[in-house]
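A.B. asks: Take a look at this one; I'll ask things after.
The values are calculated or read from the model by the stated rules, or taken from the named source; none is laboratory data. Since this is a predicted model, take the numbers as computed values, not measurements. Every residue, glycine among them, receives a Cβ derived from its backbone with ideal geometry; neighbour counts consider all protein chains shown.
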Amino acid sequence: MKAIVYEKYGPPEVLQLKEVDTPTPTDNEVQVKIHAASANPLDWHRMRGAPFLVRLEEGLRKPKMPMLGADIAGRVEAVGKNVTEFQPGDEVFGECGWGGGFAEYVCVTEENLVLKPTNITFEEAAAVPVVAFTALQGLRDYGQIQSEQMVLINGASGGVGTFAVQIAKSFGAEVTGVCSTRNLDMVRSIGADQVIDYTQEDFTRHGQHYDLIYDAVGNRSVSDYKRALKPRGICIITGFTTLSRLFQHMILGPLISMTGNKKIGMQGVAKPNQKDLVFMKELLEAGKVIPVIDRCYPLRETAEAIRYQKSSSRWDITTKPDKAVPLTAGS
């Protein structure tokens, strides 16, 4: 089969389209013929081996797992003897761990997949898992979102942000999205009740206060967040723009939380799981969440897709894309 592989760390040019062995499913695995996979910031960091901590997991001098791509959508081709949830021909989507999605086939344990909703495309399905897990777990588990709360999403036009806006609306919140001028209409179209153009207005100084702030950018000070929160309000930060900002959020956020009635904290790494994937599937089927896709690329142009995903970010370290960048099947 054809697959994108990288044998050393570096820029997108290290990615190569090669012929490799087609994986065979083990007893608990499903073999999926991939129709689409999406590029994530995770792929950029694994490809570059940066920050250096990535190499402690990936391999110090070269990658131990030389394939990228976590989010996939496709059709089941074969199943292991212990698989009970799927059969050949099923259309599925999900998450395949550290990588392997930028290929024609991949083998995935059945608990990492669910049936694809019939009302969305393979490209839309592939754009869901990692960013949706991040937004859902941040709002629900860390932010304790409740119906009728006033919720602000900073970075509302990004990969995580577009899902956060729609998920917050599905919980019955009144949602304000913060984004750039060119994305105001898009953020309104996915359900935001109010939008703020960050180039024209500072959401921490316009007098409105929020029950929950979900920041997919991490570009404000702890005092800014505190000022914009209601009493007993919660701010959850995922992402950062500079290391100094990150350390401030990690150190001052918990101190503020201990000494007052406002809580400011950072979200941990999202945990892929089938229960949350089913939750997202139901929102997709109900039309309450619609993936926002920027561009699609064929598999052979994976390097260009990842380069674009990186360049479309406004924030140099977090590399949040403005919208999803799926890769489609075929060379």
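A.B. asks: What are the pairs with Cβ atoms under 6 angstrom where one residue, in region 235-257, is part of a helix (DSSP H, G or I) and the other, located anywhere, is modelled with pLDDT under 75? Sequence gap at least six, or different chains.
C.D. replies: Leu246/Phe240
A.B. asks: Also: Against the definition (surrounded by fewer than 24 Cβ atoms within 10 Å (Cβ to Cβ), farther than 27 Å from Pro231 by Cβ and either touching a residue at least 12 places away in the same chain (Cβ under 8 Å) or not hydrophobic (A, V, I, L, M, F, W, C) (or both)), how does Asp193 come out, yes or no?
C.D. replies: no
A.B. asks: What pairs come up if the first residue lies in region 67-94 and is at pLDDT 95 or above, the second is of a type in the set (Phe, Trp, Tyr), and their beta carbons are under 6 Å apart, counting only those six or more places apart or on different chains?
C.D. replies: Close Cβ pairs (under 6 Å, with a partner that is of a type in the set (Phe, Trp, Tyr)) amount to Ala73/Phe93; Ala73/Phe122; Val76/Phe86; Val79/Phe86.
A.B. asks: Within region 212-221, which residues are in contact (Cβ under 8 Å) with a residue 40 or more places away in the chain and either of a type outside the set (A, V, I, L, M) or in contact with a strand residue (DSSP E or B) (Cβ under 6 Å, 6 or more places away or on another chain) (or both)? Quick ask: steps written out before the conclusion?
C.D. replies: As a first pass, look at region 212-221 and keep what is in contact (Cβ under 8 Å) with a residue 40 or more places away in the chain: 212-220.
Within region 212-221, Leu212, Ile213, Tyr214, Asp215, Val217, Gly218, Asn219, Arg220 meet the criteria.
A.B. asks: Test of understanding: among Val128, Val165, which residue is in contact with a helix residue (DSSP H, G or I) (Cβ under 7 Å, 6 or more places away or on another chain), in contact (Cβ under 8 Å) with a residue 60 or more places away in the chain and either of a type in the set (A, V, I, L, M, F, W, C) or not assigned by TED's automatic domain parsing to the domain that holds Asp193 (or both)?
C.D. replies: Val128
A.B. asks: Continuing with the same structure: Can you tell me which residue in region 247-260 is surrounded by the most Cβ atoms within 10 Å (Cβ to Cβ), limited to those that are at pLDDT 75 or above, among the hydrophobic types (A, V, I, L, M, F, W, C) and more than 12 Å from Tyr225 (Cβ to Cβ)?
C.D. replies: Among those residues, the one meeting the criterion is Met250.
A.B. asks: It is to be established whether one or more residues within region 165-181 are touching a Pro at 6+ places or on another chain (Cβ under 9 Å), buried (at least 21 other Cβ atoms within 10 Å of the Cβ) and closer than 21 Å to Lys275 by Cβ.
C.D. replies: Among the residues of region 165-181, not one is touching a Pro at 6+ places or on another chain (Cβ under 9 Å), buried (at least 21 other Cβ atoms within 10 Å of the Cβ) and closer than 21 Å to Lys275 by Cβ, which makes the answer no.
A.B. asks: Next question. So the check is Cβ under 8 Å with 6+ separation or different chains; which pairs have a first residue in region 29-54 that's at negative phi and in the same structural domain as Pro12 (by TED's automatic domain parsing) and a second one that's polar (S, T, N, Q) and assigned to a helix (DSSP H, G or I)?
C.D. replies: Ala39/Thr302; Ala39/Gln309; Asn40/Gln309; Pro41/Gln309; Asp43/Gln309; Trp44/Gln309
A.B. asks: Next question. Scanning for something more than 30 Å from Asn119 (Cβ to Cβ), charged (D, E, K, R) and modelled with pLDDT under 90, does region 289-300 turn up at least one residue?
C.D. replies: no
A.B. asks: Restricting region 16-70 to residues that are among the aliphatic types (A, V, I, L, M) and more than 30 Å from Glu85 (Cβ to Cβ), which is surrounded by the most Cβ atoms within 10 Å (Cβ to Cβ)?
C.D. replies: So the residue we want is Met47.
A.B. asks: Further, regarding this structure: Give region 101-132 a look and list any residue that's buried (at least 24 other Cβ atoms within 10 Å of the Cβ) and either over 18 Å from Val83 (Cα atoms) or out of contact with any strand residue (DSSP E or B) (no Cβ under 9 Å at 6 or more places or on another chain) (or both), or say none.
C.D. replies: Residues satisfying the conditions are Gly101, Phe102, Ala103, Ala125, Ala126, Ala127, Val128, Pro129, Val131, Ala132.
A.B. asks: Right, another one. Only one of these is outside the structural domain of His209 (by TED's automatic domain parsing), touching a residue at least 12 places away in the same chain (Cβ under 8 Å) and either more than 20 Å from Cys96 (Cα to Cα) or in a helix (DSSP H, G or I) (or both): Glu123, Glu148. Name it. I'd like the intermediate steps shown before the answer.
C.D. replies: Numbers: Glu148 fails: outside the structural domain of His209 (by TED's automatic domain parsing).
After ruling out the rest, the residue left standing is Glu123.
A.B. asks: Which of the strands (runs of 3 or more DSSP E) contained wholly in region 1-78 include at least 1 residues that are under 22 Å from the mean Cα position of the chain (by Cα)?
C.D. replies: So the answer is 2-5, 29-39.
A.B. asks: Does region 90-98 contain any residue that is assigned to a helix (DSSP H, G or I) and either under 22 Å from Gly159 (Cα atoms) or in contact with a strand residue (DSSP E or B) (Cβ under 6 Å, 6 or more places away or on another chain) (or both)?
C.D. replies: No, region 90-98 contains no residue that is assigned to a helix (DSSP H, G or I) and either under 22 Å from Gly159 (Cα atoms) or in contact with a strand residue (DSSP E or B) (Cβ under 6 Å, 6 or more places away or on another chain) (or both).
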